[in-house]
């Protein structure tokens, strides 16, 4: 229960949406956040399950999963737009924003290091990982 409450608090999709379950697959390194609608709208039915790519949770790829509610109005059935993504997208707003920031920053090593919250040695090639772990190991020894 703690995990669901934790993700519900962090995602903050509003009172109408709740994190129901957070299964983790250790073999594929994936977290699937199961979200459900609990609002006051009169639901006609639910759309088939969908999966949106979201920001990573530590080293795990993270996905938001939901069967979006549908309403019937004026003889037409309309699917709710989720608060975390555009209606027809398969990634969350936050994931899209992170990808754009990374693409803009990767031309500059200092900006890339800032985005990833680490220090990178500017004398090393672009493929060299950040050396913060090495620096930390040297100060402990």
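The values are calculated or read from the model by the stated rules, or taken from the named source; none is laboratory data. These numbers come from a predicted model, not from an experiment. In this analysis, Cβ positions are derived from the backbone assuming ideal geometry, glycine residues included, and neighbour counts consider all displayed protein chains.
Below are the figures for this structure:
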| read-out | value |
| --- | --- |
| Where residue 102 falls short, out of the listed (1) touching a residue at least 12 places away in the same chain (Cβ under 8 Å); (2) surrounded by 16 or more Cβ atoms within 10 Å (Cβ to Cβ); (3) in contact with a helix residue (DSSP H, G or I) (Cβ under 8 Å, 6 or more places away or on another chain) | (2) |
| Strands (runs of 3 or more DSSP E) wholly inside region 26-71 that include at least 2 residues being over 15 Å from residue 8 (Cα atoms) | 50-57, 60-66 |
| Condition broken by residue 49, with the remaining ones in (1) touching a residue at least 24 places away in the same chain (Cβ under 8 Å); (2) touching a strand residue (DSSP E or B) at 6+ places or on another chain (Cβ under 7 Å) satisfied | (1) |
| Any hit, region 55-74, residues being modelled with pLDDT under 95 and touching a helix residue (DSSP H, G or I) at 6+ places or on another chain (Cβ under 7 Å) | yes |
